[in-house]
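Engineer: Quick one: this structure, given as structure tokens, is what I'll be asking you about.
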Amino acid sequence: MAETMQGLKRSARCAEIGKESIGREVTLMGWVQKSRNKGGIVFVDLRDRSGVMQLIFENGSIDEEGFEKAGKLRSEFVIAAVGIVEARSGAVNPNLPTGEIELRVHKLRVLAESETPPFPIEEDSRTKEELRLKHRYLDLRRPDLQRNLMMRSRVTALTRNFFTEEGFLEIETPMLMKSTPEGARDYLVPSRVHPGSFYALPQSPQIYKQLLMCSGYDRYFQIARCFRDEDLRADRQPEFTQIDLEMSFVDVDDVIDVNERLLARLFREILGVEVSLPIQRMTWKEAMERFGSDKPDLRFGMELRDVTDVVRGCGFGVFTGAIEQGGSVRGINAEGLGAMPRKKIDKLVSFAKEFGAKGLAYVALAEDGSRKASFAKFMSEEEMDALIKAMDGKAGDLLLFAADQDKVVFDVLGNLRLELARGQELLDKDVYRFVWITEFPLLEWSEEEERYTAMHHPFTMPMEEDLGLLDTEPGKVRAKAYDIVLNGTELGGGSVRIHQDHIQEKMFQVLGFSMEEAHEQFGFLLQAFRYGVPPHAGLAYGLDRLVMLMAGEDSIRDVIAFPKMKDASDLMAEAPGPVSSRQLEELQIALTTEG
Ligand code: ASP
């Protein structure tokens, strides 16, 4: 039977008690991790969010009734225990902060009993994620998840302090709004008062934060929930959190400066890791050419090399064909992997095909000086020598080549580089390599829509020196946009915004929007800009990803209290779910399919 607290007061959490408390009486409350009944003595591991404390119940130190109750304790019972801290009588456990002490209990209350949980509550659980998510309230008791969420809370607390010290104001923006221009699908909310009309949930606070700059708030930040109805993708969440900020009267360097100091503070205070400032910067072009990616992982080398000019006149049609079509030939030197068995190479070829490669050409350089090339018969010895030399190939290396349009070549080799690094375990989670990627292209050509789309969003400022190209070669215009990348993951991104009408108008033109269409979508922003808009710029981080990397986790679900599955469903609450016909009638919504 559950008892009440009856005036008991907890004196500390389990792991907050150390050797200095030996001899003192303390009251602990928490969950029974496990209990062992050894006849005259019962051992219980008591767990709370701080950690575990060993409790000892011995006949004599506790009265008969208490001892009997202790003997019946089972996993996940909630108890209060009053006792004296002692040095451990048995083996000291060096893995626990409380491993040298234990609590000899003289008063026990059972505050709640528990049914047997559907899976054991333990670190590094091997229980299937579906089952854990269905009972997330139990899963969240696991020490690893508790540590992650405590870290997340510290990240947001430190972020708030930092921005406040730097003169930023925390301002909330609406959840019910008109759709935002971030490019994903909106979640819609039907309006009851305006039947047939819908709000959109924010994909980001972008428009509102720009309005706040127009209104003179100068520096804004928010820890903002965002919603994007994207197609199923591993490790995306339909709702996620951004650390969002915007600043007035600034340019690229100012945004970068304040954000590097934030990152350095977070990594120092939470992980004890010194981020050396300034963080390296790399242009988008350089990142693509060297790493095949705009979020390069700099923890290892294996950079791409452009061998287009070396193979231009060679006899291998795959190479020359790609070049004739305006593409390129590039390679990676996987040093020391020259002896890779054929089967494994074939696996790399299939992997490359997943990213659009038609094939993958290779040269394996054996230790004995012999070489095997998938295209040997199409090339003369001299041509092969020149190619190997251009790749700095030595005995024992494996050279891999892709030939296609640049976009495909980068994608294939960029991903192959990561795959090879994973295979060789080169991705050390305790190494943190930050890089700013700058000078992104302003526009991207969309084959589907047959028009340019904004790579970041339509308010991103072109680089001043490229403004002239907007009329002639819009595809070549670089943007004042930047991403912060850590170990191959994009942590955040932002841009300087357009604050001059004529540039904004031109931008809409290039994007194929008429001014009417632009006004229909963002009219209030354009209107606001007519009344004095300061130059402004900003950035947003994906908080979930940031905490994931800091916690050394592989999935953002492990740093979100109540995440959704890949298909955007909540297994515990069973959302989304049908609603009553009355609710639908009120909204004047009729379904075309049965739910
Ligand atoms: N709103 C942008 C995003 O969500 C970030 C920014 O430009 O500040 O990616």
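Engineer: Carbon and sulfur together cover what percent of the accessible area of the chain at a 1.4 Å probe radius?
Structural biologist: Carbon with sulfur: 49 percent of the solvent-accessible area.
Engineer: Excluding same-chain pairs closer than 8 in sequence, count the lysine pairs in the range 247-363 whose Cα atoms lie under 28 Å apart.
Structural biologist: 12
Engineer: Of the GluC sites (Glu not before Pro) in the range 394-475, which ones lie in a loop per DSSP and count no more than 12 other C-beta atoms within 10 Å?
Structural biologist: Filter output for the range 394-475: GLU425, GLU447, GLU448, GLU449, GLU450.
Engineer: About its Cα centre, how strong a charge dipole does the range 166-220 have in debye, to the nearest 20, once Lys and Arg get +1 and Asp and Glu get -1 at the Cβ?
Structural biologist: The dipole magnitude comes to about 280 debye.
Engineer: Give me the aspartates and glutamates in straight-line cross-link reach of LYS72: C-alpha distance below 17 Å, same-chain residues under 8 apart excluded.
Structural biologist: Counting by Cα, and skipping residues close in sequence, LYS72 has these aspartates and glutamates nearby: GLU3, ASP45, GLU58, ASP63, GLU64, GLU113, GLU115.
Engineer: Report the calculated FRET efficiency for GLN325 and GLU115 (r = Cβ-Cβ distance, R0 = 56 Å), to the nearest 0.05.
Structural biologist: Using R0 = 56 Å, I get an efficiency of 0.25.
Engineer: Determine, from the Cβ-Cβ distance of GLU465 and GLU517 and an R0 of 51 Å, the FRET efficiency 1/(1 + (r/R0)^6), rounded to the nearest 0.05.
Structural biologist: 0.95
Engineer: 5 Å is the cut-off here: which amide hydrogens, built 1.01 Å from N in the peptide plane, fall below it relative to ARG478, excluding neighbours closer than 5 in sequence?
Structural biologist: For ARG478, whose amide H was placed from the backbone, the distant partners under 5 Å are LEU442, MET463.
Engineer: Same structure, new question: Go through LYS377, LYS480, LYS209, LYS34 and list them by solvent-accessible area, largest first, probe radius 1.4 Å.
Structural biologist: LYS377, LYS34, LYS480, LYS209
Engineer: While we're looking at this one, here's another question. For the chain, what relative contact order do you get, as a whole percent, if you take Cα pairs closer than 8 Å and at least 6 residues apart?
Structural biologist: 13
Engineer: Shifting gears a bit: Pull up the cross-link candidates among the lysines for LYS128, meaning alpha carbon to alpha carbon under 21 Å and not fewer than 8 places away within one chain.
Structural biologist: Straight-distance partners of LYS128: LYS564, LYS566.
Engineer: Using +1 on the beta carbon of Lys and Arg, -1 on that of Asp and Glu, and nothing else charged, what's the dipole of the range 491-589 about the Cα centre, debye to 20?
Structural biologist: 340
Engineer: Rank these residues by their accessible area, most exposed first, probe 1.4 Å: THR27, THR4.
Structural biologist: THR4, THR27
Engineer: If you don't mind, there's one more thing I want to ask. Please list, or write none, the lysines whose alpha carbon is within less than 17 Å of the alpha carbon of LYS9, excluding same-chain residues fewer than 8 places away.
Structural biologist: LYS9 reaches LYS107.
Engineer: Please report how far the C-alpha centroid of the range 158-218 lies from that of the range 279-338, rounded to the nearest whole angstrom.
Structural biologist: Between the Cα centre of the range 158-218 and that of the range 279-338, the gap is 41 Å.
Engineer: FRET efficiency for MET151 and SER89, Cβ-Cβ distance as r, R0 = 30 Å, nearest 0.05?
Structural biologist: 0.30
Engineer: Can I ask one more? Considering the options LEU426, GLY327, LEU467, tell which one lies farthest towards the positive end of the dipole of the chain, charges being +1 on Lys and Arg and -1 on Asp and Glu at the Cβ, about the Cα centre.
Structural biologist: My answer, from the dipole projection, is LEU426.
Engineer: Where does the chain land at 222 nm, in deg cm²/dmol rounded to the nearest 500, when only DSSP H runs of n ≥ 4 count, each adding -39500 (n - 2.57), divided by all residues?
Structural biologist: -8500 deg cm²/dmol
Engineer: If I take the Cα coordinates of the chain and project them onto the principal axes, what are the three extents in Å, biggest first?
Structural biologist: Reported extents, whole Å, longest axis first: 93, 75, 54.
Engineer: Here's a follow-up. Quote to one decimal, in nm, the extra length available between ARG268 and ARG312 on full extension: 0.36 nm per residue of separation minus the C-alpha distance between them.
Structural biologist: Full-extension gain reported as 10.8 nm.
Engineer: Relative to the Cα centre, what is the charge dipole magnitude of the chain, using +1 at the beta carbon of each Lys and Arg, -1 at the beta carbon of each Asp and Glu, and rounding to the nearest 20 debye?
Structural biologist: Roughly 1980 debye, rounded to the nearest 20.
Engineer: Would you mind calculating the relative contact order of the range 1-138 from Cα pairs under 8 angstrom and at least 6 residues apart, reporting the percent as a whole number?
Structural biologist: 27
Engineer: For the range 510-595, which chymotrypsin sites (Phe, Trp or Tyr not before Pro) are in a loop by DSSP, counting at most 15 other Cβ atoms within 10 Å?
Structural biologist: Within the range 510-595, the qualifying chymotrypsin sites (Phe, Trp or Tyr not before Pro) (loop, at most 15 other Cβ atoms within 10 Å) are TYR531.
Engineer: Right, next: Binning every alpha carbon pair distance of the range 101-216 at 10 Å from zero, what are the percents per bin?
Structural biologist: 10, 19, 23, 25, 15, 6, 1
Engineer: Sticking with this structure for a sec: What nm value, rounded to one decimal, do you get for the distance between SER11 and GLU230 when each label is placed 7 Å out toward the C-beta?
Structural biologist: 5.1
Engineer: Hey, for a label at SER569 modelled as a point 7 Å past Cα toward Cβ, could you say which residues of the range 226-254 have their backbone N under 19 Å away?
Structural biologist: 229-239
Engineer: Moving on. Semi-axes of the equivalent ellipsoid of the range 256-298: what are they in whole Å, largest first, if each equals the square root of 5 times a C-alpha gyration tensor eigenvalue?
Structural biologist: 25, 11, 7
Engineer: Now for a different question. Please compute the per residue accessible area over the chain with all protein chains in place, 1.4 Å probe, rounded to a whole number of Å².
Structural biologist: Per-residue accessible area for the chain comes out at 50 Å².
Engineer: Under a crude label model (7 Å from the Cα following the beta-carbon direction), how far is ARG49 from SER125 in nanometres?
Structural biologist: Here the answer is 1.7 nm between the modelled labels.
Engineer: Still on this model: Where in the chain are the DSSP H helices whose C-alpha atoms run 20 Å or more along the long axis and whose mean Kyte hydropathy is at least 1.6?
Structural biologist: none
The values are calculated or read from the model by the stated rules, or taken from the named source; none is laboratory data. Note that the coordinates shown come from a computational prediction; the quantities given were computed from them, not determined experimentally. Counting neighbours? That spans all protein chains shown, and the Cβs are built from the backbone with ideal geometry, glycine included. These accessible areas exclude ligands, DNA and RNA; they are computed on the full protein's heavy atoms, side chains included. Shrake-Rupley method; radii C 1.70, N 1.55, O 1.52, S 1.80 Å.
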